[in-house]
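In what follows, a single structure is set out as structure tokens and then discussed.
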Amino acid sequence: MAKKKKTKKRLHHRLAVKFPRASALPKIAYYRLKLWFDTSWLHKIVAVFFLLIILWSGTMYGVAQWYMWDRRDMPLKYGVTFIPRYARHFGLEPKDTMQAIIDELGVRQFRLVSYWNEFEKIPGTYDFTELDWQFKMAEQSGSKVSLAIGLRQPRWPECHMPDWAEKMPMSQWSVELKEYMGVVIDRYKSSPALESYQLENEFFLKVFGICPDHSRSRLVDEYNFVKQRDSSHPIIVSRSNNALGWPVNEPIADTTAVSVYKRVWDKSLTKRYFEYPFPAWFYAFLGGAGKLTNGTDLIVHELQAESWLPAGFEMNRIEDIPEQNKSLNAERLKDRIEYGRATGLKEVYLWGVEWWYWRKIKADDPSLWNVARDEISRAYFVNGESPYND
């Protein structure tokens with residue numbers, strides 16, 4: 001040990017004598033780094049580890065930049081997820097809300113839902129009145145619809161199974177589910193508004209939601225069923241939130257979607273708001289990796305644009321607005337939409353439009369609504385289009 005210290009001291013002395021001027025500082029740094037590297041196997045392991053991180057990060061960034069450059073001429077489309085049940089949660093009239101989204105925000109891309117437990121409350125008896133008027137409004141405004149189908153669809157409890165099906169074994173309810181999906185597909189596949197299907201939203205996200213099954217075999221079976229029923233519309237399959245991998249197993253969808261959440265309440269460890277650290281280009285990397293491995297593009301089907309609150313606070317209580325603003329206010333919403341643009345992905349669906357409208361109508365606070373309107377209209381005008389009715 002004493003011998004090593006002496007050797008190190010002599011080397012430092014030689015470096016000081018040999019390279020006295022500032023111009024020699026890079027050489028001094030090199031020799032000091034070499035000395036550090038040579039003195040321990042642990043140092044070698046650490047150096048190799050950081051070198052691999054740098055190389056991997058550089059590769060990821062390169063793939064991201066390639067993917068963004070490859071899609072540079074494609075127009076950016078902003079859309080929203082709209083759910084009438086959620087609008088009612090805020091005391092809003094759903095038709096008025098959707099009309100305002102079209103007329104005031106200028107939205108022309110919608111993700112709509114087809115909850116099984118709402119449209120087949122009695123086995124074999126279907127009531128699509130609510131989804132019919134949504135499609136009619138989309139058609140009249142020239143909007144396009146990405147229709148969520150299957151058991152798992154946006155909003156809690158994620159899986160929307162009717163009471164009568166909950167008593168059945170999976171071998172039986174899965175057949176009933178496909179029967180229902182077939183009715184939905186046959187009803188809307190000829191609509192000029194229908195652009196795509198989203199099959200089983202965030203299917204593999206097992207840690208969130210109340211769902212009876214996550215088996216890949218069922219997802220593959222449903223995917224093949226939808227393709228056979230309607231081969232003219234693409235199918236979108238979502239990956240898990242902020243996932244690090246990319247889909248390479250069956251089913252290989254026509255398009256892959258990702259949910260992007262940035263600021264959430266951490267109820268387990270820190271008991272405070274947590275900001276996911278992923279840079280925007282990370283999602284372009286996921287898109288590029290998917291394109292290179294299986295030829296599919298990536299879109300953002302759910303960009304967090306509403307608050308994520310701690311227990312005890314509600315989204316539809318005016319007295320809780322100060323807490324809502326800690327998670328997402330107008331300034332953060334503007335940054336969030338810009339973040340979506342910076343991903344380089346060309347379809348971005350915003351999550352929380354019903355809440356913005358509640359803040360405007362019920363809380364007399366149009367700040368969120370106005371920011372969304374300005375950002376969406378900016379994207380349309382950059383594309384050389386007008387989102388508003390004449």
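The values are calculated or read from the model by the stated rules, or taken from the named source; none is laboratory data. Source: prediction; values computed, not measured. Cβ placement follows ideal geometry from the backbone for every residue including glycine, while neighbour counts extend to all protein chains displayed.
Structural remarks
- Those residues of the stretch 57-104 which are within 30 Å of Arg317 (Cβ to Cβ) and without any contact (Cβ under 8 Å) to a residue 12 or more places away in the chain, in sequence order: Arg88, Glu93, Asp96
- Only a single criterion out of (1) modelled with pLDDT of 95 or more; (2) surrounded by fewer than 21 Cβ atoms within 10 Å (Cβ to Cβ) is not satisfied by Lys167, namely (1).
- Residue satisfying condition, being touching a residue at least 60 places away in the same chain (Cβ under 8 Å) and buried (at least 19 other Cβ atoms within 10 Å of the Cβ), within set Val145, Val107: Val107
- Some residue of the stretch 113-133 being farther than 17 Å from Gly182 by Cβ, surrounded by 15 or more Cβ atoms within 10 Å (Cβ to Cβ) and touching a Leu at 6+ places or on another chain (Cβ under 6 Å): no
- Of the helices (runs of 4 or more DSSP H) lying entirely inside the stretch 274-377, those carrying at least 2 residues that are within 20 Å of the chain's Cα centre (by Cα) are 281-294, 330-342, 353-361.
- Inter-residue pairs, beta-carbon under 9 Å, first without any contact (Cβ under 8 Å) to a residue 12 or more places away in the chain and in the stretch 197-219, second basic (Lys, Arg) and crowded, with 18+ Cβ neighbours inside 10 Å, 6+ apart: His214/Arg152
- Index of the failed condition, Ser171 passing every other in (1) out of contact with any strand residue (DSSP E or B) (no Cβ under 9 Å at 6 or more places or on another chain); (2) touching a residue at least 24 places away in the same chain (Cβ under 8 Å): (2)
- Restricting the stretch 185-194 to residues that are charged (D, E, K, R) and in a helix (DSSP H, G or I) leaves a set whose member that is surrounded by the most Cβ atoms within 10 Å (Cβ to Cβ) is Arg187.
- Checking Phe37 against (1) under 44 Å from the mean Cα position of the chain (by Cα); (2) aromatic (Phe, Trp, Tyr); (3) modelled with pLDDT under 70; (4) surrounded by 14 or more Cβ atoms within 10 Å (Cβ to Cβ), the condition it does not meet: (4)
- Flag for Ile321 being over 30 Å from Arg378 (Cα atoms) and surrounded by 14 or more Cβ atoms within 10 Å (Cβ to Cβ): no
- Every residue from the stretch 311-330 that is closer than 20 Å to Glu375 by Cα and without any contact (Cβ under 8 Å) to a residue 40 or more places away in the chain: Asn325, Asn329
- Out of Gln99, Gln172, sole residue that is closer than 20 Å to Leu219 by Cα and surrounded by fewer than 20 Cβ atoms within 10 Å (Cβ to Cβ): Gln172
- Scan of the stretch 179-196 for residues that are touching a residue at least 24 places away in the same chain (Cβ under 8 Å) and of a type in the set (D, E, K, R), ordered by number: Asp186, Arg187, Lys189, Glu195
This table checks each residue for (1) surrounded by fewer than 18 Cβ atoms within 10 Å (Cβ to Cβ); (2) within 24 Å of Asn201 (Cα to Cα); (3) modelled with pLDDT under 95.
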| position | (1), (2), (3) |
| --- | --- |
| Ala289 | no, yes, yes |
| Asn294 | yes, yes, yes |
| Tyr339 | no, yes, no |
| Trp369 | no, no, no |
| Tyr380 | no, no, yes |
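- In this entry, Lys360 is excluded by the filter for residues that are closer than 26 Å to Phe282 by Cα, surrounded by 17 or more Cβ atoms within 10 Å (Cβ to Cβ), modelled with pLDDT of 95 or more and not polar (S, T, N, Q).
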